[in-house]
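The values are calculated or read from the model by the stated rules, or taken from the named source; none is laboratory data. What you see is a predicted model, and the numbers here were worked out from it, not measured in a lab. Every residue, glycine as well, gets a Cβ built from its backbone with ideal geometry; the counts of neighbours run over all protein chains shown.
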Amino acid sequence: MRRPIGGVLFSLSPQPTPLQPAPARRLGPLMAYAGVLVWTVAASVGLLGQAAGGKRTPDIHYVPTPNRVVDAMLTIADVGPTDVVYDLGSGDGRIPIAAARRGARGVGIEVEPALVAQARRNAVRAGVADRVEFFEGDMFKSDPSPATVVTLYLLGSLNQRLRPKLLRELKPGTRIVSHRFPMGSWEPERSIEVGRADVVLWRVPSSPEPANPN
Ligand SMILES: C[S@@+](CC[C@H](N)C(=O)[O-])C[C@H]1O[C@@H](n2cnc3c(N)ncnc32)[C@H](O)[C@@H]1O
């Protein structure tokens, strides 16, 4: 948020030129100082926002799922045109975009703004921008309830942290697919190997929690 604010203020800062009338030339340096002052205040507010939790540090860094594993994830979940596929930590958007190519709607939640911007560009390039949305934010604070399929490529510990939220907020029958990592002791419905990667499928039960929550 700080960047655009700073950028706008800098682009509005006057650059006196010899063609400006005299009063504007005299005001130029004053306005430049005012611009710097306002930018400094805006930057400080931004920093305070970060300190107060405005900018979230990623829980795991970006590593893309190989395309054939993406295909396997969508195939094991039997994704089709009636589905709404949420990728939590969506990186460059490849999973929601691949889901949209199968006729589904895709949603990505991603904490890194640059990756959100890249995912949006990739969706336009793939011709599916009308069927995918990418949101910048923390997956732990997102609302995944519209999903019929949730995809994850995170870590075992993050899957386990997400699990109570997913079981609480997703509709019974929603499929959850993880590239590589388990969900604690929650027994998968199906699991396949794609090269050296495991692709694992669970289904949200109608009772709120499986017998063993770990
Ligand atoms: C291993 S990458 C997987 C990217 C993509 N899902 C894929 O399979 O190609 C994990 C992604 O999660 C994002 N991430 C990490 N912590 C997050 C959080 N708390 N909320 C949203 N995204 C997060 C990272 O920035 C990164 O892009």
Matching residues in segment 82-131 - criterion: being in contact with a helix residue (DSSP H, G or I) (Cβ under 6 Å, 6 or more places away or on another chain), more than 16 Å from the ligand (Cβ to nearest atom) and among the small types (Gly, Ala, Ser): 129
task: Evaluate segment 47-61: report whether one residue or more is in contact with a Lys or Arg (Cβ under 9 Å, 6 or more places away or on another chain), away from the ligand (no atom under 16 Å from the Cβ), of a type outside the set (A, V, I, L, M, F, W, C) and at pLDDT 95 or above.
output: no
- request: Go through (1) crowded, with 17+ Cβ neighbours inside 10 Å; (2) within 12 Å of the ligand (Cβ to nearest atom); (3) aliphatic (A, V, I, L, M) one by one and return the number of the condition residue 79 breaks.
  value: (2)
query: Does residue 96 satisfy the criteria of being touching a residue at least 12 places away in the same chain (Cβ under 8 Å) and within 19 Å of residue 67 (Cβ to Cβ)?
result: yes
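Matching residues to (1) assigned by TED's automatic domain parsing to the domain that holds residue 197; (2) of a type in the set (S, T, N, Q); (3) in contact (Cβ under 8 Å) with a residue 24 or more places away in the chain:
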| position | (1), (2), (3) |
| --- | --- |
| 73 | yes, no, yes |
| 86 | yes, no, yes |
| 89 | yes, no, yes |
| 105 | yes, no, yes |
| 113 | yes, no, no |
| 140 | yes, no, yes |
| 144 | yes, no, yes |
| 151 | yes, yes, yes |
